[in-house]
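Below is one structure, written out as structure tokens; comments come after it.
The values are calculated or read from the model by the stated rules, or taken from the named source; none is laboratory data. Small disclaimer: the values here were computed from a predicted structure and weren't measured. With ideal geometry, Cβ positions are generated from the backbone for all residues, glycine too; neighbour counts draw on all protein chains shown. Calculation scope for accessible area: heavy atoms of the full protein, side chains included, ligands and nucleic acids excluded. Shrake-Rupley method; radii C 1.70, N 1.55, O 1.52, S 1.80 Å.
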Amino acid sequence: MSKGFFVDKSNRPDSAAINNFIGKARQNWDLMLHHLGEGLKLKGEFKFYGINYGWALRFKKSGKSIIALYPGKDDFMVQIILNKNQVETALEQVKNSDFLKVIYDTKNIKEGKWIYLLIDETSDLDDVFTMITIRTKIK
């Protein structure tokens, strides 16, 4: 199963298509976009990451990826890459036990950890915003 719903490289999703599929999670999607765009002044761009991931809305700062959002059916996947120090900080600051389990269980790679979190209409975004804050303090 792919990380996102839109896996056809030749068919980049637009806002209408995303809003149609994201359904119940739209409020959290909108909150995330507002936080990234209005709050942090980051600009998103669509990027295709292959059939196993699909199209994502990626946000960067100083040339470094901050977060990617993969729209799904009534949910969306958040990918945030944290280096070793950022992982340690996130483990101290994140409160959501499900998110903590994902961070702990995610395999370490050279860059640190590629954290994937499923966000639906019931998800509290506070800990995601915390991880974004940690990530934007790139050294």
- Task: May I ask you to list the residues in segment 85-111 that are within 13 Å of THR130 (Cβ to Cβ), open to solvent by 100 Å² or more (accessible area, probe 1.4 Å) and in a helix (DSSP H, G or I)?
- Result: GLU92
- Query: Only one of ASP74, ASP124 is in contact (Cβ under 8 Å) with a residue 24 or more places away in the chain, among the charged types (D, E, K, R) and closer than 26 Å to ASN11 by Cα; which?
  - Reply: ASP74
- Query: Being within 19 Å of MET32 (Cβ to Cβ), touching a helix residue (DSSP H, G or I) at 6+ places or on another chain (Cβ under 6 Å) and of a type in the set (A, V, I, L, M), is that true of even one residue in segment 85-102?
  - Reply: yes
- Item | strands (runs of 3 or more DSSP E) completely within segment 1-79 that count 2 or more residues being open to solvent by less than 40 Å² (accessible area, probe 1.4 Å) and of a type in the set (Lys, Arg) | none
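Is it the case that segment 117-125 has a residue that's surrounded by 12 or more Cβ atoms within 10 Å (Cβ to Cβ), over 24 Å from GLY39 (Cα atoms) and not hydrophobic (A, V, I, L, M, F, W, C)?
From segment 117-125, those surrounded by 12 or more Cβ atoms within 10 Å (Cβ to Cβ) are 117-121, 123-125; that's our starting set.
Applying the additional criterion that residues be over 24 Å from GLY39 (Cα atoms) yields none.
Taking every residue of segment 117-125 in turn, none turns out to be surrounded by 12 or more Cβ atoms within 10 Å (Cβ to Cβ), over 24 Å from GLY39 (Cα atoms) and not hydrophobic (A, V, I, L, M, F, W, C).
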- Might you let me know whether segment 85-95 holds any residue that is under 13 Å from the mean Cα position of the chain (by Cα) and among the hydrophobic types (A, V, I, L, M, F, W, C)? no
- Item | In segment 89-137, the residues that are in contact with a strand residue (DSSP E or B) (Cβ under 7 Å, 6 or more places away or on another chain) and aromatic (Phe, Trp, Tyr) | PHE99, TRP114, TYR116
